[in-house]
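One structure is given below, encoded as structure tokens.
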Amino acid sequence: MKSKDLEKLINELIEKDELAKFYMSKEFRHLKKAILEENHWECEICKKEHGKITKATTVHHVQFVRNHPALALSRYYTYNGKQYKNLIAVCSSCHNKLHPEKRKGFNQSKKEKFNNEEKW
């Protein structure tokens, strides 16, 4: 699929709140399996940062699909002339840490203060 076609498709799915359909697509499922197999089903973050082997269960987009839909099926991206991995094998724990916004009860304004009319 061409980058522009992919971008258009993903933007349409985002508008319809159906982005999950992309993750269930044949193209992404095959790519996900290939990434996991290449990394021997081991979490890249646990291995690199903690020196431990943990089973990877998913693939994380470094460049989030919602922000960079054209990179949704790209293994790599280029920034300032240097190539970086866009898809990394991760365990569910690390994936949750990479996406705090998906946690139940997540509040983006952590500086939220108690305020009432009396302002005491």
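Relative to its Kirkwood radius, the Cα radius of gyration of region 1-69 gives an Rg/Rh of 1.06. Of the residues 17, 5, ranked by 1.4 Å probe accessible area with the largest first, the sequence reads 17, 5. Per residue, region 1-111 exposes 72 Å² of solvent-accessible protein surface, assessed with a 1.4 angstrom probe and all protein chains in place.
In the complete set of protein chains, residue-level accessible area for residue 79 is approximately 140 Å², probe 1.4 angstrom. Of the cross-linked pairs 4/82; 33/102; 16/82, which ones have a Cα-Cα span greater than 27 Å in the structure shown? Going by Cα-Cα distance, 16/82 fall outside the 27 Å limit.
Within the accessible surface of region 31-77, defined with a 1.4 Å probe on protein heavy atoms only, the carbon and sulfur portion equals 50 percent.
The values are calculated or read from the model by the stated rules, or taken from the named source; none is laboratory data. Keep in mind that this is a model prediction, so the values were computed, not measured. Side chains are part of the model used for accessible areas, which takes the heavy atoms of the whole protein and leaves out ligands, DNA and RNA. Shrake-Rupley method; radii C 1.70, N 1.55, O 1.52, S 1.80 Å.
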